[in-house]
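Engineer: Here's a structure for you.
The values are calculated or read from the model by the stated rules, or taken from the named source; none is laboratory data. Source: prediction; values computed, not measured. Using ideal geometry, Cβ is built from the backbone for each residue, glycine included, and neighbour counts are taken over all protein chains shown. The protein model used for the area step is the full one, side chains on, heavy atoms only, and it has no ligands, DNA or RNA in it. Shrake-Rupley method; radii C 1.70, N 1.55, O 1.52, S 1.80 Å.
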Amino acid sequence: ERNELIRTELDTKLGEEFVFENLDKVFQTILKAATYEFLYKPNLSINIIIKEYLNSSNFFFFFSQTKYLNALLDNVGKQLRTTYS
């Protein structure tokens, strides 16, 4: 049920033009894991969560993809923390 909530939040927060299934599986996993932390780890700051996932993503993605991931995570994190705080 958490997976469904996370997917619903990602679909809602990222907008209609965003198609989650079209992303690379590693990209999907990072987005879902970070969203979990945004939702269920309120004591961790958004910036720390994003920084850790971006550091990890450097092993898998090009710089331009990491910048895109940063923008997505920042957007989702701010929206979720505003909604659930």
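Engineer: With the full set of protein chains in place, find how many percent of the accessible area of the chain is carbon and sulfur; take the probe as 1.4 Å. Intermediate results must be reported in sequence, preceding the final value.
Structural biologist: Details: 2950 of 5580 Å².
That share works out to 53 percent.
Engineer: Further, regarding this structure: Only Lys, Arg, Asp and Glu count, each charged at its Cβ (+1, +1, -1, -1), so figure out the dipole size of the chain about its Cα centre, rounded to 20 debye. It would help to have the intermediate numbers written out before the result.
Structural biologist: Working: 10 positive and 11 negative charges, 67 e Å.
In debye, rounded to 20, the chain gives about 320.
Engineer: Please tell me the relative contact order of the stretch 25-77 in percent, rounded to the nearest whole number, where contacts are Cα pairs under 8 Å and at least six residues apart. The partial results should precede the final answer.
Structural biologist: Numbers: 28 pairs, mean separation 23.1, N = 53.
Computed value for the stretch 25-77: 44 percent relative contact order.
Engineer: Select from 56, 10, 76 the residue farthest towards the positive end of the dipole of the chain; place +1 on Cβ of Lys and Arg, -1 on Cβ of Asp and Glu, and compute about the Cα centre.
Structural biologist: 56
Engineer: For the chain, just the Cα set please: Rg and Dmax, both in angstrom.
Structural biologist: Radius of gyration, then largest Cα-Cα span, for the chain: 11.9, 33 Å.
Engineer: In addition: Over the chain, give the accessible area per residue in Å² for a 1.4 Å probe, as an integer. List each step's numbers first, then the result.
Structural biologist: Numbers: 5580 Å² over 85 residues.
Here the residues of the chain average 66 Å² of exposed surface.
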